[in-house]
1. Please state which one of GLU221, GLU251, GLU216 is out of contact with any Leu (no Cβ under 6 Å at 6 or more places or on another chain) and surrounded by 15 or more Cβ atoms within 10 Å (Cβ to Cβ).
2. Would you say ILE336 is surrounded by 19 or more Cβ atoms within 10 Å (Cβ to Cβ), touching a Pro at 6+ places or on another chain (Cβ under 6 Å) and farther than 26 Å from LEU237 by Cβ?
3. For the range 104-134, which positions are within 13 Å of the ligand (Cβ to nearest atom), modelled with pLDDT of 95 or more and in a loop (DSSP other than H, G, I, E, B)?
4. Is it the case, given these coordinates, that SER291 is within 28 Å of ARG271 (Cβ to Cβ) and surrounded by 15 or more Cβ atoms within 10 Å (Cβ to Cβ)?
5. Within the range 56-78, identify whether any single residue is within 24 Å of ALA141 (Cα to Cα) and among the aromatic types (Phe, Trp, Tyr), and answer yes or no.
6. In the set ILE46, ILE22, which member is within 16 Å of the ligand (Cβ to nearest atom) and in contact with a Ser or Thr (Cβ under 8 Å, 6 or more places away or on another chain)?
7. Can you tell me how many residues in the range 195-213 are buried (at least 19 other Cβ atoms within 10 Å of the Cβ) and without any contact (Cβ under 8 Å) to a residue 24 or more places away in the chain?
Amino acid sequence: MSLEARCREAAKRFEDTDFLRIVSDDDADGIAAAGILTRALDRAAIPFHLTLDRLHVDEYRDLQSHDAVLLLDQGSGELDELANHPGTVIVLDHHQIEGRAPHALHVNAHMEGIDGTHDACTSAIALLTALELSPDNVDLAPIAMAGIVGDRQHVPELGEINSSIADRGTDEGSLSIVEGLDLPPREPLADALATSTDPYLPTIGGRASRAAGFLEELGFEADHRLVDLDEDARGRLTSAIVAHLVKHGAEPDAVEQTAGQRYEGQVCGRRMSAGRLAAIFNACEREDEPSLGVAIAHGDREALRAGERHVERYRDSLLEGLVQLENDPPEARAAIQAFDAIDPELVGAHCGLGMTYLFDKARPTFGLKSSNGNLKISGRATPQLVDAGVDLAEALAQAADEHDGNGGGHPIAAGAMIPADQREPFLARLDELVEAQLRG
Ligand SMILES: [Mn+2]
């Protein structure tokens with residue numbers, strides 16, 4: 001059965017149920033998928049109850065008390081847990097498939113030989129299914145794009161299924177593709193530049209007066225807004241920002257994205273980029289209010305304002321740490337660099353954004369935080385370092401294993417946990433291992 005046929009079958013099963021119990025993951029992709037499908041179900045007058053939560057494997061048994069269950073952005077790896085469900089089970093997901101549940105309807109791009117890690121995330125599948133319920137649901141394409149961006153499937157470019165959604169949205173007018181800076185269009189430029197975290201602008205980020213100086217040199221006023229600039233002026237501003245990022249050694253992919261394509265659509269009566277909406281969904285999750293994100297997908301303006309406040313709060317704490325790390329960079333060893341967490345909640349984000357925009361690109365960075373007698377380590381490399389032989393998952397797993405801890409992840413981003421008193425020998429060993437990886 002093709003992916004399209006499976007989506008059609010899922011829509012048909014929705015129509016055949018009296019009541020649907022939905023459990024969706026609570027990250028940006030899960031929120032977007034839940035938002036799309038609950039909106040589509042509302043429109044089709046199909047009753048449902050939604051919970052946003054990543055289920056623990058032990059919780060799958062509880063689903064048996066519901067006649068019809070829809071799992072979003074989870075379930076593909078736990079099919080064995082669903083095998084004995086007596087009723088209707090529908091799974092929309094893009095994670096690796098494990099186990100078997102023969103009578104469940106399972107919609108996952110991996111089944112069609114498409115790599116779901118890079119294409120056809122759950123919000124994309126959700127939109128395809130919503131379109132089977134009614135073609136009018138194409139107005140939800142901006143929500144699907146936010147899920148796609150949230151799962152970083154737009155990097156380096158959209159795959160086949162995701163592009164088909166972007167095309168459908170642009171053809172029918174709910175999406176437009178815009179080139180150039182993704183800055184808030186109606187904010188004074190100095191504020192927009194100083195509060196930007198992705199891209200983070202070294203020497204300017206977190207400091208509005210520096211941003212004003214940067215703008216003045218280019219012949220702009222600090223209180224000019226992006227919407228007020230003509231195409232020529234926007235082009236000049238974009239080039240200056242790109243040059244600034246390059247001068248400060250930002251990662252080439254990130255620089256390219258700064259000036260690249262983005263997807264815009266109407267959300268709650270406002271024009272918004274998919275990246276902005278994904279940031280709002282992520283902030284809702286961090287504040288333990290993922291249902292706000294679903295309300296936004298349903299057009300609730302109050303929820304949008306609350307979500308934007310969450311983004312601002314998060315952005316301010318993020319900026320504070322980035323400025324501090326700019327002034328007091330990670331400590332360099334032979335092959336690695338490391339810093340002590342400024343905000344324990346943000347160590348991963350500081351590590352990632354710092355590596356992209358701020359730190360020495362020749363050394364992978366590790367952020368360290370103590371918790372209950374343990375040391376937690378978040379590591380980030382660059383694509384160039386990975387090409388040069390760095391594998392953080394391997395280095396962290398081995399160094400942690402030798403020091404009574406454990407670790408793992410991906411070559412470019414990984415983590416570990418060790419007893420706090422092993423800190424120094426662990427870091428020395430990690431340095432050796434990464435150095436050996438770089439020597440080949
Ligand atoms: Mn996902």
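1. Details: GLU221 fails: surrounded by 15 or more Cβ atoms within 10 Å (Cβ to Cβ); GLU216 fails: surrounded by 15 or more Cβ atoms within 10 Å (Cβ to Cβ).
From the options GLU221, GLU251, GLU216, the qualifying one is GLU251.
2. On the way: surrounded by 19 or more Cβ atoms within 10 Å (Cβ to Cβ): yes; touching a Pro at 6+ places or on another chain (Cβ under 6 Å): yes; farther than 26 Å from LEU237 by Cβ: yes.
So ILE336 passes the test.
3. Result: ASN108, ASP119, ALA120, CYS121.
4. Values: within 28 Å of ARG271 (Cβ to Cβ): yes; surrounded by 15 or more Cβ atoms within 10 Å (Cβ to Cβ): yes.
Judged against the criteria, SER291 is a match.
5. Among the residues of the range 56-78, not one is within 24 Å of ALA141 (Cα to Cα) and among the aromatic types (Phe, Trp, Tyr), which makes the answer no.
6. Selected residue: ILE22, the only one of ILE46, ILE22 that is within 16 Å of the ligand (Cβ to nearest atom) and in contact with a Ser or Thr (Cβ under 8 Å, 6 or more places away or on another chain).
7. Counting residues in the range 195-213 that are buried (at least 19 other Cβ atoms within 10 Å of the Cβ) and without any contact (Cβ under 8 Å) to a residue 24 or more places away in the chain gives 3.
Every residue, every condition in (1) in contact (Cβ under 8 Å) with a residue 12 or more places away in the chain; (2) more than 12 Å from the ligand (Cβ to nearest atom); (3) in a helix (DSSP H, G or I); (4) under 18 Å from the mean Cα position of the chain (by Cα), yes or no:
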site: LEU70; (1), (2), (3), (4): yes, yes, no, no
site: GLN74; (1), (2), (3), (4): yes, no, no, yes
site: PRO86; (1), (2), (3), (4): yes, yes, no, no
site: HIS94; (1), (2), (3), (4): yes, no, no, yes
site: ARG152; (1), (2), (3), (4): no, no, no, yes
site: GLU157; (1), (2), (3), (4): no, yes, no, yes
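The values are calculated or read from the model by the stated rules, or taken from the named source; none is laboratory data. Here the structure is a predicted model, which is why all the values come from computation and not from measurement. Cβ coordinates were reconstructed from backbone atoms using ideal geometry, including for glycine residues, and neighbour counts include every protein chain displayed.
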